[in-house]
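Novice: This is the structure I want to talk about, given as structure tokens.
The values are calculated or read from the model by the stated rules, or taken from the named source; none is laboratory data. The structure displayed is predicted, hence computed values, not measured ones. Every residue, glycine among them, receives a Cβ derived from its backbone with ideal geometry; neighbour counts consider all protein chains shown.
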Amino acid sequence: MNAAPSERLTSRVAQSSASSDRPLDLLAVPGLRSLLLRRRWMQGPLLFISIVLVVHGFAGPQLAPKNLATLVGWVHSRGLLVVGLLVMGNAFCMACPFMLPRDLARRLHAPKLAWPRALRGKHVGIALFVGVLFVYEWLDLWASPSGTAWLLVGYFALVVLVDALFKGAPFCKSVCPIGQFNFAASALSPFEVVARDSDVCASCSGHECLRGSESSRGCETNLFLPEKAGNMDCTFCLDCARACPHENVGIVARLPGAELSEDRSAAGVGRRSARPDLALLATVFTFGALLNAFGMVSPVYVVQQQIASWMGTTSEGAVLLVLFASLLVVEPVLLLGVTAAISRRAMPRREPVVAVAARFSHGLVPLGFGVWLAHYGFHLLTGLWTFVPVTQKAVADAFGVALLGAPQWDRGGLTTRAVQPIEMGMLLLGAIGSLGVLWAIAKRQAPERPRAAFAPWGVLTVLLLAAAVWLMAQPMEMRGTFLQ
Amino acid sequence: MTSVVPAAGNTGGVRRAGSPAGRAWRAWPVAVIALAALLSACSGGGTGDGGVAATFRFDPQPPSVGKAHFELRLVSPQGEAVAGATVAVEANMNHAGMQPTFADLSEDVPGRYVGDVEFTMGGDWFLLMNATLADGRKIERKLDVPGVRSK
């Protein structure tokens, strides 16, 4: 019996993947394809967990370690998110629970408006990302179950509001702060959604991956698959794979981080060099990682006291504002500005310092990802099993019977001593990745004097690595209110 | 430092309409309300402790990472020591994700209960104190321990 063309193609890709003359394609792995294409089995449970977090956040004990909202919300979900990015790709967006109420809202109210052109970049998402980092510290959200629940409710409301009003996927592409984090970090992911065979795309006239088909919508973030390059703006939703009548879409292994040094025009994204908002995202992603980790160690309290004393205030918000401005604005501007000014001397064409800084800022993303991994990995690994007794307690409280057994409060995780080498490994890998990407950018920008162009960025990377190692070597002091 | 601690709060792809997925959509609000009702059942009432006050101190003060000697005094509204209680404490970090530690306290003089509490990390902690008084009444308190020092 003759197989259908699509089956032959899948079979061929699977065979070629197996014979290692092509990179591994997850959508060609028997059984995995149908699992990944059916997204609801991931979204449904995550939506259920989100609802449990919200309800427990409001109605459960207002003690962070005893409440699922703060525990799962700040410890497990963030840790699993970065692990997913490290081992696969944008797995959180793939299973995003916010999409179910969003799709429901769109059934009730079809969006008619176009997302304003002025808001189409990453600026809104970056501002919200910084805003969440700020509010997290200011209101001690990590210690506030109801505050965390309100944040989740606000998130759901914003998703529904934006995507019920505006066509496409403006929330994912431009608004979602988690999404922007994932887009930046997924540059380091080992897999990418790609067209398997460019010849198939060349002969395709339907362009279903973008336009959609009768059975599935097309890419809502406007990534036309044959011209897609990298993971930026890709939510791994696989709408393209479902829509493609040729089964020509794969999730293919690739060199993590390579896209950061490229500057080719990509569908739906354009050239990195023409996107200052992407450079801003890379900068906030990198320096935000250091800032967020700094907030967990004891020296931050000394710094905050000094700022408060200098300002003559006991307002935590005001002090945090100064700290954020210093570490997310002043420090990057100074460091990137000076480094770019030195680096551009080696370049044949003297571009503005800002443009050079923007080009090279993408090279710091691997180090930033290493810091996020080290930080969130620490919380995940040291608190790995703590959700077990809290869940047991929540169920017992809810049903009046210990359906899951008595809470096992001795369930913890790895010791901090065991986790520290892992943290250092993540930082080192990140720094090595940054050096590699920066070297590639230097070779492209200064083909005649790449070493001279690279050297200042190499020094900056080593300095930032040293700062990160120092931060991670500090004793964690998870504290809240600090001003008296 | 000795703190008078007030009573704690509670400690304790678009589918078509009519499809199975569409029915699942409509079931969600019901599920959410049911879940809220269930989980809100856990926020129980007061302890009925008759206004027993708890004061405590550590040695060293402030405590640092490792074991710290803990001393708790229970005093009735009339200012009398509450003797003969069985007291246990559970130490937790304010930040979620850290394993709690536990300690049973022993009464060295009437109304004073002592024991060692272990702090595994620097930062803000709180103790959940559970006491069963001699007359069977139960007391629960949340005792804040801010700023445990790293070694």
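Novice: Let me spell it out: the conditions are (1) surrounded by fewer than 19 Cβ atoms within 10 Å (Cβ to Cβ); (2) among the polar types (S, T, N, Q); (3) within 14 Å of chain B (Cβ to nearest Cβ), and A:Ser34 meets all of them except one. Which number is the exception?
Specialist: So the condition that A:Ser34 fails would be (3).
Residues are listed down the side, and each one gets a yes or a no for (1) within 14 Å of chain B (Cβ to nearest Cβ); (2) at pLDDT 95 or above; (3) within 26 Å of the chain's Cα centre (by Cα):
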{"site": "A:Glu351", "(1), (2), (3)": "no, no, no"}
{"site": "A:Ala357", "(1), (2), (3)": "no, yes, yes"}
{"site": "A:Ala374", "(1), (2), (3)": "no, yes, yes"}
{"site": "A:Leu380", "(1), (2), (3)": "yes, yes, yes"}
{"site": "A:Val390", "(1), (2), (3)": "yes, yes, no"}
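Novice: State all residues of the stretch A:20-41 that are outside any loop (DSSP other than H, G, I, E, B) and small (Gly, Ala, Ser); if no residue qualifies, say none.
Specialist: Selection gives A:Ala28, A:Ser34.
Novice: Which one of A:Phe129, A:Phe134, A:Phe92 is closer than 22 Å to A:Val193 by Cβ and surrounded by 17 or more Cβ atoms within 10 Å (Cβ to Cβ)?
Specialist: So the residue among A:Phe129, A:Phe134, A:Phe92 that is closer than 22 Å to A:Val193 by Cβ and surrounded by 17 or more Cβ atoms within 10 Å (Cβ to Cβ) is A:Phe92.
Novice: If A:Gly89 satisfies every condition in (1) among the small types (Gly, Ala, Ser); (2) part of a helix (DSSP H, G or I); (3) closer than 23 Å to A:Gln43 by Cα but one, which is the exception?
Specialist: (2)
Novice: Quick check on A:Ala293: is it in a helix (DSSP H, G or I), farther than 23 Å from A:Arg444 by Cβ and not charged (D, E, K, R)?
Specialist: Yes, satisfied.
Novice: Since B:Asp108 meets every condition but one in (1) away from every other protein chain (no Cβ under 14 Å); (2) among the acidic types (Asp, Glu); (3) under 26 Å from A:Gln408 (Cα atoms), which condition does it not meet?
Specialist: (3)
Novice: I want to confirm something. Restricting to the stretch B:83-103 and keeping residues that are within 13 Å of chain A (Cβ to nearest Cβ) and not in a strand (DSSP E or B), which single residue is surrounded by the fewest Cβ atoms within 10 Å (Cβ to Cβ)?
Specialist: The residue in question is B:Gln99.
Novice: Applying the selection to the stretch B:63-82, what residues are surrounded by 14 or more Cβ atoms within 10 Å (Cβ to Cβ), more than 10 Å from chain A (Cβ to nearest Cβ) and in a loop (DSSP other than H, G, I, E, B)?
Specialist: Across the stretch B:63-82, the qualifying residues are B:Pro63, B:Ser76, B:Val82.
Novice: Which one of A:Ala95, A:Ala69 is modelled with pLDDT of 95 or more and either closer than 9 Å to A:Pro145 by Cα or not assigned by TED's automatic domain parsing to the domain that holds A:Ser186 (or both)?
Specialist: A:Ala69
Novice: Here's something else I'd like to know. Checking B:Gly115 against (1) within 13 Å of chain A (Cβ to nearest Cβ); (2) at pLDDT 95 or above; (3) within 14 Å of B:Thr86 (Cβ to Cβ), which test does it fail?
Specialist: It fails just one condition, (1).
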